[in-house]
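Here the structure is laid out as structure tokens; the discussion comes afterwards.
Please treat every number below as a calculation from the coordinates, not as lab data. Given the structure is predicted, the values throughout are model-derived calculations rather than measurements. As a convention, Cβ positions derive from the backbone with ideal geometry for all residues, glycine included, and neighbour counts pool all protein chains shown.
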Amino acid sequence: MLVRHGLSSFNLEHRIQGRDDLSQLSELGVIQAKAAGTALKDLPLTAVYASPLSRAADTARHLLAARGSAQAIVFDDDLLEVDLSPWSGLRSSEVRERFPEKARQWLHAPAELELEGADGRLYRPIPELLEQAQRFIDRLLERHGADSSTMGTVLLVAHNAILRCLILQLLGRSANDLRRLRIDNGSISVLNLERGSEGTLQVQIESLNGIAHLGAGLPAKGAGQRLLLVRHGETDWNRQGRFQGQIDIPLNANGRAQAQAAAAFLEVVTFQRAYTSSMARPRQTAEMILAAHPGVPLTSVPALVEIGHGLWEGCLEEEIAEGWPQLLADWKRAPHTVQMPEGENLQDVWDRSLEGWNRIVAALDPSETALVVAHDAVNKTILCALLGLTPADIWTVKQGNGGVTVIDYPHGPEGMPLVAALNLTTHLGGVIDRTAAGAL
């Protein structure tokens, strides 16, 4: 469980704070910390770690107080924020004016940014921060085990860049992927860690940058196109764990309730366009969301239909295990290697889903926001591509029924996309995604 510190005095003034302890929590930051504690009130915590910098340390203290908890906080220097000491205290505008080339690198190629420390040493802040993040991960796994069943729920309270670097290290991504992720003040993100059968660490982003507990709903939109990617509501086959693929199963009563909850959650958003897979379950979900947005055109995109499971469609997992035991094991372990019998493989889904997604993005003006409603495997392949991952990584991201993901294009369709939030399900009842874990 990752929480970014609440809004600080330097955040308010748009000043660089880095790892210098020059700023304090603002009044709003205290409120955000307490709101995060209330949101996590019913979740047992195995351990709490925090950066020793006051804005993070105070966030952790206020968060635990809101939970009514006297739990000990372990302060760890490897949760310190990125070292930007030559810029500390400067306004962002001053950095751009005085160091235009380095400011450009910080924004577009953070791996390349090189600064000079007070001791005259040249250093690269983000690569060093990634090494720091790996040290913390190694110790965390050593202390608590490398499996969710032994680790329990561990809370980390820290800063923007270090939290993104922790995620990047867990995903095996590079320093220049820093700008693919957004972590707002007071936000809550959930990652699941588990050891696979071969001892490898499996990582799943359950949710990223949730701020509904702060009363904001979605992260604020900046420049560029925005797309809200939603998975359809639950079907009876989702609930049963039956592989549905391209069989056109409609929403069940719970799925319709999930779609209505997503509609209420997104009621305040202004949409200019909307798109859906051509299948019934996403179309029904999209239509319920758009009921509060009259006049927004809904376009069917066949490229966004669910993966074709072929002979697996209509089957329960135990039935597939009887007929295709090795193929099912491969699907769970190495999904990119599986050719569905008389169906598709993930590369097929990847190619057509991304082609459809990119056409949607290219059609939007920078000021526009679009709704896209599709399926589990389709959404996962799109998100893996946006995160710089591969078809082998689809189990790395979770997509709950009725979950909402926010994708921004701050530099236009040709620039690096920003995953501003992923799989938000608080509108369905709490921080943890409790939607059905059934088959695709």
Going toward the positive end of the dipole of the range 225-428, with +1 on Lys and Arg Cβ and -1 on Asp and Glu Cβ, which of 346, 371, 269 do you reach last?
-> 269
Between the Cα axis of helix 27-39 and the main Cα principal axis of the chain, the angle (0 to 90°, nearest 10) is 40 degrees
For the range 225-428, what proportion of DSSP beta bridges, expressed in % and rounded to the nearest 5, is antiparallel?
-> 50 percent
Excluding residues on the same chain fewer than 8 positions from residue 34, give the aspartates and glutamates whose Cα lies under 19 Å from its Cα.
-> 42, 58, 184
Placing +1 at every Lys and Arg Cβ and -1 at every Asp and Glu Cβ, with all other atoms neutral, what dipole size does the range 54-143 have around its Cα centre, in debye to the nearest 20?
-> 400 debye
For the range 2-214, what does the alpha-carbon gyration tensor say about shape, rounded, prolate or oblate, given a ≥ b ≥ c as the root eigenvalues, a/c under 1.5 as rounded, and a/b over b/c as prolate?
-> oblate
Cα-centre dipole for the chain with unit charges at Cβ (Lys and Arg positive, Asp and Glu negative), debye to 20 = 1000 debye
Of 390-400, 168-178, ordering from highest average Cβ density within 10 Å down gives 390-400, 168-178
Global geometry of the range 191-292, whether rounded, prolate or oblate, following the gyration tensor of its Cα atoms and the 1.5 cut on a/c = oblate
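Write down the percent of antiparallel bridges among all DSSP beta bridges whose residues are both part of the chain, to the nearest 5.
55 percent
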Mind checking the full-extension length gain between residue 143 and residue 437? Use 0.36 nm per residue of separation minus the Cα-Cα distance, one decimal, nm.
-> 102.9 nm
Net charge near residue 285, counting Lys/Arg +1 and Asp/Glu -1 over other residues with Cβ under 11 Å of its Cβ?
-> +2
Reachable aspartates and glutamates, given that their alpha-carbon falls under 15 Å from the alpha-carbon of residue 102 and they are not under 8 places away in the same chain = 83, 94, 112, 114, 116
Can you check what the net charge comes to around residue 269, using other residues whose Cβ is under 14 Å from the Cβ of residue 269 (Lys, Arg +1; Asp, Glu -1)?
-> 0
Under 21 Å from residue 398, Cα to Cα: lysines that are on another chain or at least 8 residues apart = 332, 380
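Answer rounded, prolate or oblate for the chain, using the Cα gyration tensor with square roots of eigenvalues a ≥ b ≥ c: rounded when a/c is under 1.5, else prolate when a/b is larger than b/c, else oblate.
It comes out prolate by the Cα gyration axes.
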Tilt, helix 376-386 to longest principal axis of the chain (alpha-carbon atoms), in degrees rounded to tens, equals 40 degrees
Round to the nearest 10 and give me the degree value, 0 to 90, for the angle of helix 280-290's Cα axis relative to the longest principal axis of the chain.
-> 50 degrees
Suppose every K and R has +1 on its Cβ and every D and E has -1 on its Cβ; what is the size of the dipole of the range 2-214 about the Cα centre, in Debye to the nearest 20?
-> 500 debye
What does the helix-only formula give at 222 nm for the chain: each DSSP H stretch with n ≥ 4 adding -39500 (n - 2.57), the total divided by the residues, and the result rounded to the nearest 500 deg cm²/dmol?
-> -10500 deg cm²/dmol
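Please list 373-383, 36-46, 81-91, 415-425 highest first by mean number of surrounding beta-carbon atoms within 10 Å per residue.
On the way: 373-383: 27.3, 36-46: 17.1, 81-91: 18.6, 415-425: 22.7.
Going by the mean number of other Cβ atoms within 10 Å, highest first, we get 373-383, 415-425, 81-91, 36-46.
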Protection proxy ranking, peptides 297-306, 109-118, average beta carbon neighbours within 10 Å, highest first = 297-306, 109-118
